[in-house]
Amino acid sequence: MKKGNILTLTVILLSIKAMMLAGNTIPATMQETTPSTAPNTAEQTNITVITIKTDDVAVKYLQSVYTLAKNTTYNITFINTQTLAHNVVIAENRTVETEEDAVEKPGDILIGPSGNDLTATGPGQWSILWTTPAEDTIVVFFCSFPGHFAAGMRGYFKIGNPPDDLIPKWAQGGLIPGFGALMSLLVLIPVSGFILKKRKE
Ligand SMILES: [Cu+2]
């Protein structure tokens, strides 16, 4: 075999090996994405379903921040997995900063039993269609059963690209984000130290 042919063969074999290796390194989670659309009726009209679910034990929702598009209709589905009664009140046109604010008011949207119904119990599932505001804003939602807002059963929809000062005070900054940044630094310092040490060697 000529030298040139051997070289070509080697290049081809190396390329095949590289392709195989590349194929193996794609994480399984990146190969498939599942769109979050409802079956049957909602899928026909292409309405996205936003699911707000209770924690299995704690008086809070599993997810508290959702980013939605402006002037778009969503299917908001509330799932209560607990025997304790809960609901979701969307306070579209007002701010909700305290437990006193966290009661049902005219203009609010109620999903599930009313917080004024003290005989209500869970579990259950309720859905409504809601069209988001046309401007960049924050809309708070909460559970209106007495004491549940204060316990942490609250969240907000980020509609479009709202300014940070619209975020309710109970959801701003505080200990947790600062703590997270500190932890990241503590992890990064030894790692960068190790890299620098390796480079010097
Ligand atoms: Cu509740």
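Bear in mind these aren't lab numbers, they're just calculated from the coordinates by the rules spelled out. Owing to the predicted nature of the structure, the values given are computational and were not obtained by experimental measurement. Neighbour counts are summed over all protein chains in view; Cβ atoms, including those assigned to glycine, are modelled from backbone coordinates with ideal geometry.
Here are some notes:
- Couplings for the range 128-133, taken from phi via the Karplus curve 6.51 cos²θ - 1.76 cosθ + 1.60 with θ = phi - 60°, read 9, 9, 9, 9, 5, x Hz in order; Gly and Pro are left as x.
- Subtracting the Cα-Cα distance of E99 and A134 from 0.36 nm times their residue separation leaves 9.8 nm of extension gain.
- Amide H contacts of Y61 (H built 1.01 Å from N, under 5 Å, at least 5 apart or other chain): D55, R154
- Using θ = phi - 60° and Karplus 6.51 cos²θ - 1.76 cosθ + 1.60, couplings along the range 76-91 (whole Hz; Gly, Pro as x): 9, 10, 10, 10, 9, 8, 9, 7, 6, 6, 9, 8, 10, 10, 9, 8
- Across the range 41-173, counting alpha-carbon atoms alone, Rg and Dmax equal 14.1, 41 Å.
- In this structure the amide hydrogen of I50, modeled in the peptide plane, comes within under 5 Å of the amide hydrogens of N75, I76, T77, none closer than 5 places in sequence on its chain.
- The label point for N46 and the one for Q82, both projected 7 Å from the Cα toward the Cβ, are 3.8 nm apart.
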